[in-house]
Amino acid sequence: NAGVTQTPKFQVLKTGQSMTLQCAQDMNHNSMYWYRQDPGMGLRLSYYSASEGTTDKGEVPNGYNVSRLNKREFSLRLESAAPSQTSVYFCASSARTALRGYTFGSGTRLTVV
Amino acid sequence: QQQVKQSPQSLIVQKGGISIINCAYENTAFDYFPWYQQFPGKGPALLIAIRPDVSEKKEGRFTISFNKSAKQFSLHIMDSQPGDSATYFCAASPGSARQLTFGSGTQLTVLP
């Protein structure tokens with residue numbers, strides 16, 4: 001099915017461990033995004049990529065790095081996980097404009113202990 | 001700094017009632033205002049969106065009302081159904097080609 005695929009769906013990390021969240025879309029969208037969702041705070045943007053080869057910081061970039069590997073794939077890396085990074089992470093993509101909306105993946109629930 | 005403020009945080013409505021969720025924004029450069037619906041365990045999905053050149057947009061039971069002078073917009077769900085129970089997010093962006101800023105979300109429960 002067409003859409004945004006995120007892996008893994010669940011992950012538990014120990015403080016200081018590293019991991020990469022993977023995201024791939026098959027809709028030929030130009031733009032991709034990483035949001036984190038925390039209770040009472042809505043969705044906050046960590047990083048986005050307006051097009052292949054470009055990445056920019058969002059509202060909450062600290063502690064994360066991203067790679068736009070190609071047009072389809074956009075990964076989010078935690079180099080040294082902290083308990084404050086416990087959250088649900090959503091990857092999304094959109095065409096050049098967002099008029100048709102973002103397409104979100106089903107999320108990665110990350111717990112850092 | 002929260003650029004899009006959403007209220008209420010939670011809302012309980014009887015089946016057949018009207019659900020109203022409000023949002024206010026600060027950035028006058030915002031000119032695209034979508035609403036997203038999220039079911040448990042799923043990612044958000046676009047529900048309806050409005051541009052500031054109109055004051056109201058209706059799609060089925062869902063209506064967005066927009067007040068540019070007050071910098072406020074709201075979602076009205078008419079004849080609310082238990083299947084509408086979900087979390088609703090308002091959002092805004094300075095142009096449809098720019099990234100969205102989301103509100104904090106409203107958890108809607110429609111009682112049967």
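So is A:Arg100 modelled with pLDDT of 95 or more, of a type outside the set (Asp, Glu) and more than 26 Å from A:Leu13 (Cα to Cα) or not?
Details: modelled with pLDDT of 95 or more: no; of a type outside the set (Asp, Glu): yes; more than 26 Å from A:Leu13 (Cα to Cα): yes.
Criteria not met by A:Arg100.
Out of all the residues in segment B:26-42, is one or more part of a helix (DSSP H, G or I) and in contact with a strand residue (DSSP E or B) (Cβ under 8 Å, 6 or more places away or on another chain)? I'd like the intermediate steps shown before the answer.
Narrowing segment B:26-42 to residues part of a helix (DSSP H, G or I): none.
Looking through segment B:26-42, none of the residues is part of a helix (DSSP H, G or I) and in contact with a strand residue (DSSP E or B) (Cβ under 8 Å, 6 or more places away or on another chain).
Scanning segment B:44-78 for residues that are of a type in the set (A, V, I, L, M) and surrounded by fewer than 16 Cβ atoms within 10 Å (Cβ to Cβ), which turns out modelled with the lowest pLDDT?
The extreme case among them is B:Val54.
Condition (residue is more than 30 Å from B:Ser10 (Cβ to Cβ), more than 11 Å from the chain's Cα centre (by Cα) and modelled with pLDDT under 95) applied to segment A:3-24: is it met by at least one residue?
Looking through segment A:3-24, none of the residues is more than 30 Å from B:Ser10 (Cβ to Cβ), more than 11 Å from the chain's Cα centre (by Cα) and modelled with pLDDT under 95.
Please find, among B:Lys42, B:Lys5, the residue that is of a type in the set (Lys, Arg), within 13 Å of another protein chain (Cβ to nearest Cβ) and more than 15 Å from A:Gly42 (Cβ to Cβ).
B:Lys42
Test each condition in (1) loosely packed, with under 14 Cβ neighbours inside 10 Å; (2) modelled with pLDDT under 95 for A:Pro83 and report the one that comes out false.
Failing condition for A:Pro83: (2).
Could you tell me whether B:Thr87 is outside any loop (DSSP other than H, G, I, E, B), touching an Asp or Glu at 6+ places or on another chain (Cβ under 9 Å) and of a type in the set (Ser, Thr, Tyr)?
It is false that B:Thr87 is outside any loop (DSSP other than H, G, I, E, B), touching an Asp or Glu at 6+ places or on another chain (Cβ under 9 Å) and of a type in the set (Ser, Thr, Tyr).
Where in segment A:1-95 are there strands (runs of 3 or more DSSP E), lying wholly inside it, with at least 3 residues that are within 12 Å of chain B (Cβ to nearest Cβ) and closer than 30 Å to B:Ser7 by Cα?
Fully inside segment A:1-95 and qualifying: A:31-38, A:42-49, A:87-94.
For segment B:84-98, state whether one or more residues are within 11 Å of another protein chain (Cβ to nearest Cβ), at pLDDT 95 or above and surrounded by fewer than 21 Cβ atoms within 10 Å (Cβ to Cβ).
Among the residues of segment B:84-98, at least one is within 11 Å of another protein chain (Cβ to nearest Cβ), at pLDDT 95 or above and surrounded by fewer than 21 Cβ atoms within 10 Å (Cβ to Cβ), which makes the answer yes.
Residues to consider are B:Ser65, B:Ser69; find the one that is more than 8 Å from every other protein chain (Cβ to nearest Cβ), of a type in the set (Gly, Ala, Ser), part of a loop (DSSP other than H, G, I, E, B) and farther than 25 Å from A:Phe90 by Cα.
None of the others qualify; the one that does is B:Ser69.
Can you confirm whether B:Tyr36 is hydroxyl-bearing (Ser, Thr, Tyr), buried (at least 21 other Cβ atoms within 10 Å of the Cβ), within 23 Å of A:Val4 (Cβ to Cβ) and in contact (Cβ under 8 Å) with a residue 60 or more places away in the chain?
So B:Tyr36 passes the test.
Can you tell me which residue among A:Tyr33, A:Tyr89 is within 16 Å of B:Ser93 (Cβ to Cβ), buried (at least 16 other Cβ atoms within 10 Å of the Cβ), within 12 Å of the chain's Cα centre (by Cα) and of a type outside the set (D, E, K, R)?
A:Tyr33
The values are calculated or read from the model by the stated rules, or taken from the named source; none is laboratory data. Bear in mind the structure is a predicted one, so any value in this text is a computation, not a measurement. Cβ coordinates were reconstructed from backbone atoms using ideal geometry, including for glycine residues, and neighbour counts include every protein chain displayed.
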